[in-house]
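Below is one structure, written out as structure tokens; comments come after it.
None of the figures in this text is laboratory data; all of them are computed from the coordinates on show. Small disclaimer: the values here were computed from a predicted structure and weren't measured. Cβ placement follows ideal geometry from the backbone for every residue including glycine, while neighbour counts extend to all protein chains displayed.
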Amino acid sequence: MAKRSHIRPMSLEDKAAVMRILEATPEFTPGEVIVAEELIDSYLSDPAESGYFILVAEVNSEVGGYICWGLTPLTEGTWDIYWIATAREKQGQGIGSALLLSVEARIKESRGRLVFIETSSKPGYEKTERFYRSHGYEVICRIPDFYAPSDDKLILQKRLTP
Ligand SMILES: CC(C)(COP(=O)(O)OP(=O)(O)OC[C@H]1O[C@@H](n2cnc3c(N)ncnc32)[C@H](O)[C@@H]1OP(=O)(O)O)[C@@H](O)C(=O)NCCC(=O)NCCS
């Protein structure tokens, strides 16, 4: 089991490690990695203005995972989790859960009500969907063939209780 992870805001020094995690995650296409990097760069260049928040999990002095989220524009208390990834060799040790729980706690502090996550129905994402379900997220919408033929978009939601 991994040593307890230390969850903290991402800094510029973490970028290379986070990019290595993204690039080594087989679920992500090269195009998705580019978009993930755009969000990271936006956050790192101006955290307050970007509209994004990013936390990393440090385990044994190494970045083991990260999560990126933000307030959904033009809503009251609705938040989107845009990206989450744990280094492949560190998955199944509680890092993703620690990141997700930290984000939910922060969203609650901001009086957030709803959290949304969009994901793909592609084979390979079953583990991801199970992970979210085990944290109380439910699939509330399925858009058939959204990403590609036979690759549906799943929208998962969790209602936060104050
Ligand atoms: C989804 C993802 C972020 C989960 O991260 P993780 O660090 O593996 O998550 P956890 O370890 O907290 O939980 C994963 C499983 O390990 C189990 N687990 C948690 N802590 C554990 C521990 N200390 N020891 C053993 N197993 C543990 C959990 O029960 C969970 O099982 P479940 O999903 O069947 O409920 C990770 O699998 C990942 O990066 N996937 C690829 C990228 C991806 O799909 N991102 C989401 C895009 S929308």
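A few remarks follow.
- When Glu32, Glu23, Glu62 are checked against the criterion of being near the ligand (Cβ under 10 Å from one of its atoms), surrounded by fewer than 16 Cβ atoms within 10 Å (Cβ to Cβ) and either within 27 Å of Lys122 (Cα to Cα) or over 13 Å from the mean Cα position of the chain (by Cα) (or both), Glu32 stands alone in meeting it.
- Some residue of segment 3-16 being crowded, with 17+ Cβ neighbours inside 10 Å and closer than 24 Å to Lys153 by Cβ: no
- The set of residues from segment 105-149 being among the aromatic types (Phe, Trp, Tyr) and more than 24 Å from Gly77 (Cα to Cα) comprises Tyr125, Phe146, Tyr147.
- Residues of segment 134-158 that are touching a residue at least 12 places away in the same chain (Cβ under 8 Å) and under 17 Å from the mean Cα position of the chain (by Cα): His135, Gly136, Tyr137, Glu138, Val139, Lys153, Leu154, Ile155, Leu156, Gln157, Lys158.
- The set of residues in segment 49-66 being more than 17 Å from Ile81 (Cα to Cα) and in a helix (DSSP H, G or I) consists of Glu49 alone.
- Verdict on Ala105 being surrounded by fewer than 17 Cβ atoms within 10 Å (Cβ to Cβ) and not basic (Lys, Arg): yes
- Among the residues of segment 78-97, those identified as near the ligand (Cβ under 7 Å from one of its atoms) and either of a type in the set (Gly, Ala, Ser) or part of a strand (DSSP E or B) (or both) are Trp83, Ile84, Ala85, Thr86, Gly92, Gly94, Gly96, Ser97.
- Against the test of being surrounded by fewer than 19 Cβ atoms within 10 Å (Cβ to Cβ), on the phi > 0 side of the Ramachandran plot and of a type outside the set (Gly, Ala, Ser), the options Arg133, Arg111 yield a single qualifying residue, Arg111.
- Counted residues, segment 67-100 - those being farther than 24 Å from Val35 by Cα and without any contact (Cβ under 8 Å) to a residue 12 or more places away in the chain: 1
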